[in-house]
There are 2 protein chains.
Amino acid sequence: MKPRILVVGTGAIGGFYGGKLAQAGARVATLCRSDYETVKSEGIKVTSTLGDFHFTPDKVIRDLSDYSPPPDYILVGLKVLPEIDTTEIIKAVVGPETAIVLLQNGVEIEEPLVQAFPNNEIISGLAFICVTRTDPGHIDHIDFGRLVIGRFPAGKSDKTDQLANLFKDSGVPCMVSEDVVTDRWRKLVWNAPFNPISVLAGGVDTKTMVENPESLELARQVMEEVCMIAEAVGHPLPVGVVQENIEGTRRMSPYKSSMLVDFETGRPMEVEAILGNGIRAAKRHNLAVPHMEILYGLLKLVDKKIREQKT
Amino acid sequence: MKPRILVVGTGAIGGFYGGKLAQAGARVATLCRSDYETVKSEGIKVTSTLGDFHFTPDKVIRDLSDYSPPPDYILVGLKVLPEIDTTEIIKAVVGPETAIVLLQNGVEIEEPLVQAFPNNEIISGLAFICVTRTDPGHIDHIDFGRLVIGRFPAGKSDKTDQLANLFKDSGVPCMVSEDVVTDRWRKLVWNAPFNPISVLAGGVDTKTMVENPESLELARQVMEEVCMIAEAVGHPLPVGVVQENIEGTRRMSPYKSSMLVDFETGRPMEVEAILGNGIRAAKRHNLAVPHMEILYGLLKLVDKKIREQKT
């Protein structure tokens, strides 16, 4: 019996990976808000460098009370923002066997779900992908796509393995990590400098950031701070991870960070998930992270302005 | 005999103070580029909270070869940018008795003029004013206007006193400082944090910067760094100058920094005068100024983008 999967937050990430799971034969329903009418009538069109495809959800729902019984997996593709209470959104459909899969940015984002659903399996996941929702019901997959998933706080399970196999069946490389928290910190080594700097330096792509000595040096210092925090919280990162991230970015085609895309489209940015949570972890361990704090302070003001202009 | 004064850089600062000197009876000529036609035919209209006035220059010139004999004073109101070579611009009209008055932002900006004109008097000046050139031949004076001038590198002279008296005659408070370099550093305590942060935090006014804990803390740290450099270069600032600048800014009406105005109108910003020169002074004395360096790095990229969009 193919698993039943509910995608909550059917934006770029949720839509793309939900569509892939459907390709692998899962029965994938999507919770849609703004895109409900379009997705209901036309499904989701994915333009992709790896081959375009069309995703017709098993069910398109606007209200979770329309969905039962509880799914095997809830795939959370929501942005991590203070005003988005994932727990509150999904609680009506979480059954005893439901695994909650977080395909989201940042560090230390799992705790509220563990608190709310102590007996459910939480699967933490990282998406290494460039993908954008360009219009309602339209996703543009630009590059990459690899996933790393793992049981939170550590280990693997039948559910992680089943999910990874579904992804692999659909052509998405998916690694099961037995230490996914370390993987989150490792991903933050890239996100913590390059997302904020791309916005604060006036809207620059990855190439600009690694080619200019000022931003490169700043990025390096932020990366070192992330490594220091990761070590303090018990998730030391491999030696060379900073250099590896810099070299990797040099080799990438010029790319706009997700935060820059949010900024340019006037949408709130994931400031807390990407900087705030890391800084709070540093404070718990009495670590000084001045570079992260400066970016955080500036970015909070930029984000505040976006929010004011939105209302 | 009333002195002959040539204003070079007839923007907001040059136009306003040149006009004031003309009111006091000086014969004031203006070098104009983009505004030449307007100023030639209509003069400069100054809208001011202290009373509007009209400034008809004694002579409006487009090319300095049209001006002779050398003036008693050259009033430099040019922006301090790497591509603006003040020395080169004025050299044709500097006579043996000409005093060169720099009404410009930043620190350590006098050296090129001392090198080029070793026998001339250099008067360094600071304008505490909110003034904007809104259109060709139109200046909007919003607030303040006080000047501090002094002989560079130190002391006073007949020329500083004569100039100060002319300003006073026109209603502009003008103090002659015998240690104007210290005054420059003191002004940088305000400029070094608030100009850059106003741009980097997404375009915020002074009120926003002092009311948000993140930006206030960052501003305070930049101020402390400026004080440390000032002390190292032999110009220690009074105890309490940081707090005084913060309190003063709290009392000000919300105000857009000059750098933010430049940014919003797509004009190059005075990154080097306001941050670069201070950081280079810190390096000469092996001082770490991480907060200034981060703002500098980000701002250079923002400035680069402005310049690219301009061309």
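The values are calculated or read from the model by the stated rules, or taken from the named source; none is laboratory data. Keep in mind that what you see is a predicted model, and the values were worked out from it rather than measured. Using ideal geometry, Cβ is built from the backbone for each residue, glycine included, and neighbour counts are taken over all protein chains shown. Accessible surface areas use protein heavy atoms only, side chains included; no ligands, DNA or RNA. Shrake-Rupley method; radii C 1.70, N 1.55, O 1.52, S 1.80 Å.
Here is how the numbers come out for the structure above:
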| read-out | value |
| --- | --- |
| Verdict on B:Ser124 being in a strand (DSSP E or B) and among the small types (Gly, Ala, Ser) | yes |
| Test result for A:Pro173, outside the structural domain of A:Lys187 (by TED's automatic domain parsing), touching an Asp or Glu at 6+ places or on another chain (Cβ under 8 Å) and open to solvent by 10 Å² or more (accessible area, probe 1.4 Å) | no |
| Residues of region A:14-27 that turn out to be open to solvent by 30 Å² or more (accessible area, probe 1.4 Å) and among the aliphatic types (A, V, I, L, M), as a count | 1 |
| Given (1) at positive phi; (2) touching a Cys at 6+ places or on another chain (Cβ under 8 Å), index of the condition A:Asp143 fails | (1) |
| Count - residues of region A:81-102 that are open to solvent by 30 Å² or more (accessible area, probe 1.4 Å) and in a helix (DSSP H, G or I) | 4 |
| Set A:Arg146, A:Arg151: member being under 15 Å from the mean Cα position of the chain (by Cα) and open to solvent by 70 Å² or more (accessible area, probe 1.4 Å) | A:Arg146 |
| Residue count for region B:281-292, restricted to those that are surrounded by 23 or more Cβ atoms within 10 Å (Cβ to Cβ) and either under 22 Å from the mean Cα position of the chain (by Cα) or not aliphatic (A, V, I, L, M) (or both) | 2 |
| Residues (out of contact with any Leu (no Cβ under 7 Å at 6 or more places or on another chain) and open to solvent by less than 10 Å² (accessible area, probe 1.4 Å)) located in region A:103-112 | A:Gly106 |
| Qualifying residue in region B:4-13 (condition: surrounded by 18 or more Cβ atoms within 10 Å (Cβ to Cβ), touching a Gly at 6+ places or on another chain (Cβ under 7 Å), farther than 16 Å from B:Ile61 by Cβ and touching a residue at least 12 places away in the same chain (Cβ under 8 Å)) | yes |
| Matching option when the condition is surrounded by 20 or more Cβ atoms within 10 Å (Cβ to Cβ), assigned by TED's automatic domain parsing to the domain that holds B:Thr87 and either not in a loop (DSSP other than H, G, I, E, B) or not acidic (Asp, Glu) (or both), among B:Thr38, B:Thr30, B:Thr47 | B:Thr30 |
| Pairs with Cβ under 6 Å, 6+ apart, first in region B:103-124 and at positive phi, second part of a loop (DSSP other than H, G, I, E, B) and open to solvent by 10 Å² or more (accessible area, probe 1.4 Å) | B:Gly106/B:Val80 |
| Criterion violated by B:Met209 - all others in (1) surrounded by fewer than 21 Cβ atoms within 10 Å (Cβ to Cβ); (2) more than 19 Å from the chain's Cα centre (by Cα) satisfied | (1) |
| Residue within region A:28-42 that is within 18 Å of A:Ile149 (Cβ to Cβ) and modelled with pLDDT of 95 or more present | yes |
| Matching residues in region B:188-197 - criterion: being out of contact with any Gly (no Cβ under 7 Å at 6 or more places or on another chain), open to solvent by less than 10 Å² (accessible area, probe 1.4 Å) and more than 10 Å from every other protein chain (Cβ to nearest Cβ) | B:Val189, B:Pro193, B:Phe194, B:Asn195 |
| Filtered residues of region A:122-131 (kept if surrounded by 18 or more Cβ atoms within 10 Å (Cβ to Cβ) and modelled with pLDDT under 95) | A:Ile129, A:Cys130, A:Val131 |
| Members of region B:136-193 that are of a type in the set (Asp, Glu), touching a residue at least 24 places away in the same chain (Cβ under 8 Å) and not in a loop (DSSP other than H, G, I, E, B) | B:Asp140, B:Asp143, B:Asp169, B:Asp183 |
| Matching residues, region A:50-62, being open to solvent by 30 Å² or more (accessible area, probe 1.4 Å) and under 19 Å from A:Val131 (Cα atoms) | A:Leu50, A:Gly51, A:Asp52, A:His54, A:Thr56 |
| Count - residues of region A:236-258 that are modelled with pLDDT of 95 or more, open to solvent by 80 Å² or more (accessible area, probe 1.4 Å) and within 20 Å of the chain's Cα centre (by Cα) | 0 |
| Test set (1) closer than 19 Å to B:Lys283 by Cα; (2) within 14 Å of chain A (Cβ to nearest Cβ) - B:Arg184 fails condition number | (2) |
| Residue in region A:64-80 that is open to solvent by 10 Å² or more (accessible area, probe 1.4 Å), outside any loop (DSSP other than H, G, I, E, B) and either touching a Phe, Trp or Tyr at 6+ places or on another chain (Cβ under 9 Å) or closer than 25 Å to A:Phe144 by Cα (or both) present | no |
| Residue count, region B:270-297 (criterion: within 11 Å of another protein chain (Cβ to nearest Cβ) and within 17 Å of A:Gly202 (Cα to Cα)) | 6 |
| Looking only at region B:259-280, and only at residues there that are acidic (Asp, Glu) and in a helix (DSSP H, G or I), the one that is least open to solvent (accessible area, probe 1.4 Å) | B:Asp262 |
